[in-house]
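Read the structure below first, then the notes.
The values are calculated or read from the model by the stated rules, or taken from the named source; none is laboratory data. Just so you know, these numbers come straight off a predicted model, no measurement behind them. Quick reminder, even Gly has a Cβ in these numbers, built from the backbone with ideal geometry, and neighbours come from all protein chains shown. When the accessible area is computed, the model is the full protein with side chains, heavy atoms only, and any ligands, DNA or RNA have been set aside. Shrake-Rupley method; radii C 1.70, N 1.55, O 1.52, S 1.80 Å.
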Amino acid sequence: MEQINLFPLFLSFRVALTATLLTIIIGLPIAFFLSRSKSKVADFLDTIITLPIVLPPTVLGYYLLVLLGRQSGIGRFLEENFNIMIVFTPTGAVIAAMVVSIPFLIKSAKAAFANIDPNLVNAARVLGRTELNIFLTIIIPLAWRGIVAGITLGFARALGDFGTTLMVAGSIPNKTMTMPIAIYDALLAGNRDLANILVFIMTAVSLTVLFTINRLENKVSKGGRT
């Protein structure tokens, strides 16, 4: 039996976890801003954030290539000053995964933030709480269900991304080849047995991750009601 290279699986997890962490750091403040602002700027930002959900992955990947490629202003600046290359590197895979997954967190967290009773926030302000303290100790705990749901969906999307990651990071074995890309390469090579095994592993891992997260969420929910 052919030995299975598990590097793509480990890389997929590393990319998805890193992308999810960045999504939380960047996405939560944006979601909170969008939930409170009714300006045209907020509407425009919300539209841009939603684009990765509706755009074909290849189109999204092309935009990232134009923005971050070696010939772009950003790519040239990073390479010349810091010797950092994004395209066809694991960093590129992380950025691609973050871009495709961040809308799921922002949309879910935005809805959760919008449902918080503003009287609770105003009462905390009257008591002298700072805005950061209110956000961390009142708003986040009240909106945690929506945030967890968004994190779960975002992680699953990052773990399974194919098109955008392929465009930005390529399919370099033992460097940028994530699990979905490894499955695609196995099919292109006509190795259906390997493709079936990789698909089974990916499906089992995804189901296990989602089931575990749902169980943890239920336990936390029950603990909060006792």
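Count of segment 36-45 residues, restricted to those that are part of a helix (DSSP H, G or I) and open to solvent by 80 Å² or more (accessible area, probe 1.4 Å), is 5.
Taking segment 124-158 only, how many residues are under 25 Å from the mean Cα position of the chain (by Cα) and within 29 Å of R215 (Cα to Cα)? Even if it seems obvious, please write down each step before you answer.
Start the filter on segment 124-158 by keeping residues that are under 25 Å from the mean Cα position of the chain (by Cα), which leaves 132, 135-158.
Now narrow it down to the ones that are within 29 Å of R215 (Cα to Cα): 135-158.
So the count comes out to 24.
Pairing residues of segment 53-67 that are under 16 Å from I95 (Cβ atoms) with residues that are acidic (D, E), at Cβ distances under 9 Å and at least 6 apart in sequence or on separate chains, gives P57/D161.
Of the residues G146, G170, which is open to solvent by less than 20 Å² (accessible area, probe 1.4 Å) and on the phi > 0 side of the Ramachandran plot?
Being open to solvent by less than 20 Å² (accessible area, probe 1.4 Å) and on the phi > 0 side of the Ramachandran plot holds for just one of G146, G170, which is G170.
When R76 is tested against (1) more than 30 Å from V199 (Cβ to Cβ); (2) touching a residue at least 24 places away in the same chain (Cβ under 8 Å), only condition (2) is not met. Within the option set I102, I139, being under 21 Å from S37 (Cα atoms), of a type in the set (A, V, I, L, M) and open to solvent by less than 20 Å² (accessible area, probe 1.4 Å) holds for one residue only, I139.
Output yes when any residue across segment 62-72 is farther than 23 Å from P173 by Cα and more than 21 Å from the chain's Cα centre (by Cα), and no when none is. I'd like the intermediate steps shown before the answer.
Filtering segment 62-72 for residues farther than 23 Å from P173 by Cα gives 63, 66-67, 71-72.
Add one more test, that the residue is more than 21 Å from the chain's Cα centre (by Cα), and what stays is 71-72.
Yes: segment 62-72 contains one or more residues that are farther than 23 Å from P173 by Cα and more than 21 Å from the chain's Cα centre (by Cα).
Per-residue answers, yes or no, for (1) open to solvent by 50 Å² or more (accessible area, probe 1.4 Å); (2) within 17 Å of G160 (Cβ to Cβ):
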residue	(1), (2)
P8	no, yes
P57	yes, yes
G61	no, yes
Q71	yes, no
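Residue-wise test of (1) open to solvent by 80 Å² or more (accessible area, probe 1.4 Å); (2) over 20 Å from I139 (Cβ atoms); (3) modelled with pLDDT of 90 or more.
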site	(1), (2), (3)
L28	no, no, yes
L34	no, no, yes
T47	yes, yes, yes
L67	yes, yes, yes
E79	no, yes, no
G92	no, yes, yes
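Among the residues of segment 171-178, is there at least one that is farther than 30 Å from L64 by Cβ and either touching a Lys or Arg at 6+ places or on another chain (Cβ under 7 Å) or not small (G, A, S) (or both)? Among the residues of segment 171-178, not one is farther than 30 Å from L64 by Cβ and either touching a Lys or Arg at 6+ places or on another chain (Cβ under 7 Å) or not small (G, A, S) (or both), which makes the answer no.
With the structure loaded, tell me whether R215 is assigned to a helix (DSSP H, G or I) and at pLDDT 85 or above or whether it fails that test.
Details: assigned to a helix (DSSP H, G or I): yes; at pLDDT 85 or above: no.
The answer is no for R215.
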